[in-house]
Every structure is written in C-alpha cells, then in structure tokens.
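Asker: What follows is a single structure, and I will ask about it in a moment.
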Amino acid sequence: MADAYIYDAVRLPRGRVRRTGGTLAELPPYEMFGQLLTALENRCCPPEVVDDVVVGVNTATGEQAGDIARAAQLWAGWPDSVPGGVVSRLCCSGLDAIESAAARVAAGYADVIVAGGVESMSRVPMLSDRPAIATDADLGERTGFVTIGVSADLTAAGYGIQREELDAYAVTSHRRAAATVSRSVIPARKGGTVLLYTDEGARPDADTADFGALPALFGEDAGWDRVARRLPDAPRPAAGLHTLATAPQLADGASAVVIGNLAATDTLGRRPLAQIVGTAQTAVRSPLLTAPVTAARKALRRAGIDAADLDVAEVNESFAVTPLVLTRELGLDPKRVNPNGGAVAVGHPLGATGGILIAQALDELARIDGEFALVTIPAALGLGAAMVLRRLH
C-alpha cells in the first residue's frame, strides 16, 4: 500500500453567472478544465506520466455530458494514451473525484492521477438535466425530496440560528474574500485575452443593513408541505431565513489536483505539498444539512486527529448555515473556518468546488505555516463529503 500525496492544486477564478452572460460564459467547460491541464503541464506534470484524469461534474448534460475529462485532454493536446473519466455526486462531485483518485494511488493501482472538477453554470444551468428526483412528483413524495435551500432554512431553524446571524456571516465572508489573494489561481483566458484574473463577487463594503433588507428565498411554494407531512414537529421559520445574500452564488469554475505516490517525487520533479490522511463520504435521511458534520467527524477519525488539531477548515458555504453548524458541532475557532471567504461571496461552481476548497486550504496552510486542514461539502439528497490534509513542511 502506498500513501496518496498532493503535488499541485490549481483552479480558475470563479466567474459569476449573470443573465446577460457571465465573465466566463464564452468558455465551454472542456476548455475551462483543459486550461488547467495545460497549466499543470507547464508547472510540474508531464502528461506522459499521468495514469488517469478524473473530473467531477454536477450537471452532466449538454456540453458537460459524455466524457468531458477526455474532451478536455484532447483539447489541451495531451497524449492519446492518457485516459479520462467523469464522476457525478452532485455538489460533492469534485471532492469525490479527488478522493477516488487518492484511493487508487494509495492502493497501488496508479502512480499519478489528475483529478478535479468543472462546472459552467452559464452554459449548463443547474437542473437542466431534469433529474427525476426533482421533477417526478411520486418519486419526490416517496423520497421526501426538498431543495437544499429548504433544507438550509430547516437546519437553521432547528439549531436556533436567526436571520441576523446568517446575514452577519455573509458580511464576514464577503470581507474575507475581498481581502484574499490566492496563489493557486490560473487566469482564465480566451485565446490570448485574459477574461478573469481573480474571483468575482466579493464586496468589501458588504453591510448587514443591505443584506437584512432582502426578501427570503423559500416561501410557501418551496416544498414546505412535504416537510410538514414527513416531519410534522420540525420547526419551520415563519418568514424564511436565507436570502440571495446568504445563498451560494451561481458561478463558473474549474479545479485540478495532481495526486501521486511518494515515488512520483522523481517523475514530477518536486516534493509533495500535502498528504491526504482522511476521507469520507456520508449521507443522512433527514432533510437537515448535517451530512458535512458526519463526514468531517469520520474523516478526522480516519486521519487520527481531533477537530482541535485543525489549523483551517474549508466548509463550502452551501448557504450560510452550513459553516455555522459545523463550527458549532466541532467546536472550531470561527477564525479558522473559511478564513478567505466562501461561496456566498464568490460563488459555488458545483462540481469544481471540491478542488477549489483544497487549493484554498493548501494556500492558507502555507500562509500561516499550519499542518492540518479539513475540507467538507454538503450536497442535495442528504449527501456530504470530507477530506483531511496534512501539509508537509
């Protein structure tokens, strides 16, 4: 058995989705991920040593259907002999791709794998694949399906988290993101023109008064009747809790991580940045967004450390309630949770987010000279994923 190490992690800047066309809307998703393959080739990763490329995609339809990993490789001019494939686990897709790659390397079935994710929400809108779980009334009733937004409101109400606390968290996320300079970002280009250098959307002047004036997102038609039938005693917020300010912003993006065994130090010509020491995929039947908590605890246990040992936690802001609940449940220092902001400020490009959070965690560990980081993401249908990284000095 070999261990799994991270040798590099890169990402495109997150470009906001707009009705008039986002900044990255002219980039097809295969080109977005392909640009990262080119960047990795230039930085440390000769394509001929790569055993596989694994890409996570949430909405695997339209331009993201088929094998977008293979399409991106061919676009980037990588050797025909390098295979590629796709995994889809909703918002956990990118982290699943990286975890799966790490497992194969650790088992000795591969030496070097590039894994990550991509999502063009401008070109392939969320739910454009018309999943049966969301469109078939009988299936929805049988499974108790509600949108993740309703789950977010329900979770906040269950934990007694008020609207004011959610709004205040969003302000913090914006201000942190606005002050961040990421070392892992590769500028997004179209031909010879740079489209975007850094994440979009962060507001250094974010204000709780402005956010407090926004209407709630999830009203009577959001599926509360189904919640009431299945969970008649569940506390429901009378006026709704999450708004556009405390929801994850729609974004386009891509991320890629080079994973290898220790012998890859020679083939890649560099030492690894970090070791993957714990992973977990979990699920809960409850509509509450608690799967990231169970995933984090399982990954920490497998890593052999406690939450108190963490120097940074990157918790996807799948609504503002998620990091607030995880901070409370694990007893984390709020200053160590999403210290560079998150999705409510700069967006959540679904399948790409796992690799983005890993890149951010490694950047932050290097900045503070820390050792351990947790990355965790919730997804619809009660899913959660987590990974623990140990930075190598």
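Asker: Could you check region 53-70 and list, in sequence order, the residues that are surrounded by 21 or more Cβ atoms within 10 Å (Cβ to Cβ) and either more than 22 Å from ALA9 (Cβ to Cβ) or without any contact (Cβ under 8 Å) to a residue 12 or more places away in the chain (or both)?
Answerer: Within region 53-70, the first condition is being surrounded by 21 or more Cβ atoms within 10 Å (Cβ to Cβ), and the residues that meet it are 53-59, 64, 68-69.
Within region 53-70, THR59 is the sole residue that qualifies.
Asker: Just to be sure, is THR198 of a type in the set (Ser, Thr, Tyr), at pLDDT 95 or above, surrounded by 14 or more Cβ atoms within 10 Å (Cβ to Cβ) and within 24 Å of the chain's Cα centre (by Cα)?
Answerer: Yes: the conditions hold for THR198.
Yes or no, residue by residue, for (1) over 18 Å from TYR169 (Cβ atoms); (2) of a type in the set (D, E, K, R); (3) free of Cβ contacts under 8 Å to residues at least 12 places away in the same chain:
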| site | (1), (2), (3) |
| --- | --- |
| ARG328 | no, yes, no |
| LYS335 | no, yes, yes |
| GLY351 | yes, no, no |
| ILE368 | yes, no, no |
| VAL375 | yes, no, no |
| PRO378 | no, no, no |
| LEU383 | yes, no, no |
| VAL388 | yes, no, no |
| LEU392 | yes, no, no |
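Here is a yes/no grid of residues against (1) open to solvent by less than 60 Å² (accessible area, probe 1.4 Å); (2) in contact with an Asp or Glu (Cβ under 9 Å, 6 or more places away or on another chain); (3) more than 27 Å from LEU288 (Cβ to Cβ):
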| position | (1), (2), (3) |
| --- | --- |
| ARG175 | no, yes, yes |
| VAL194 | yes, no, yes |
| ALA206 | yes, no, yes |
| VAL227 | yes, no, no |
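Asker: Find the residue count for region 158-197, including only residues that are of a type outside the set (D, E, K, R), in contact with a Lys or Arg (Cβ under 9 Å, 6 or more places away or on another chain) and closer than 22 Å to GLY355 by Cα.
Answerer: Summing the residues that are of a type outside the set (D, E, K, R), in contact with a Lys or Arg (Cβ under 9 Å, 6 or more places away or on another chain) and closer than 22 Å to GLY355 by Cα in region 158-197 gives 9.
Asker: Determine whether GLU48 is charged (D, E, K, R) and either more than 16 Å from SER255 (Cα to Cα) or part of a loop (DSSP other than H, G, I, E, B) (or both).
Answerer: Spelling it out, GLU48 is indeed charged (D, E, K, R) and either more than 16 Å from SER255 (Cα to Cα) or part of a loop (DSSP other than H, G, I, E, B) (or both).
Asker: Something else about it: Of a type in the set (Phe, Trp, Tyr) and open to solvent by less than 70 Å² (accessible area, probe 1.4 Å), is that true of TYR169?
Answerer: It is true that TYR169 is of a type in the set (Phe, Trp, Tyr) and open to solvent by less than 70 Å² (accessible area, probe 1.4 Å).
Asker: Kindly provide the set of residues from region 311-329 that are open to solvent by less than 10 Å² (accessible area, probe 1.4 Å) and touching a Lys or Arg at 6+ places or on another chain (Cβ under 7 Å), ordered by number.
Answerer: VAL312, ALA313
Asker: Right, next: Got a sec? Which of LEU362, LEU332 is open to solvent by 10 Å² or more (accessible area, probe 1.4 Å), modelled with pLDDT of 95 or more, under 15 Å from the mean Cα position of the chain (by Cα) and farther than 15 Å from ALA152 by Cα?
Answerer: Selected residue: LEU362, the only one of LEU362, LEU332 that is open to solvent by 10 Å² or more (accessible area, probe 1.4 Å), modelled with pLDDT of 95 or more, under 15 Å from the mean Cα position of the chain (by Cα) and farther than 15 Å from ALA152 by Cα.
Asker: I'm trying to understand the selection: among the residues of region 143-172, which are of a type outside the set (Ser, Thr, Tyr) and in a loop (DSSP other than H, G, I, E, B)?
Answerer: GLY144, PHE145, VAL146, GLY160, ILE161, GLN162
The values are calculated or read from the model by the stated rules, or taken from the named source; none is laboratory data. Given the structure is predicted, the values throughout are model-derived calculations rather than measurements. Heads up, the Cβs are rebuilt from the backbone with ideal geometry, glycines too, and the neighbour counts pull from every protein chain shown. Each accessible area value is taken on the protein alone, full model and side chains, heavy atoms only, with ligands, DNA and RNA left out. Shrake-Rupley method; radii C 1.70, N 1.55, O 1.52, S 1.80 Å.
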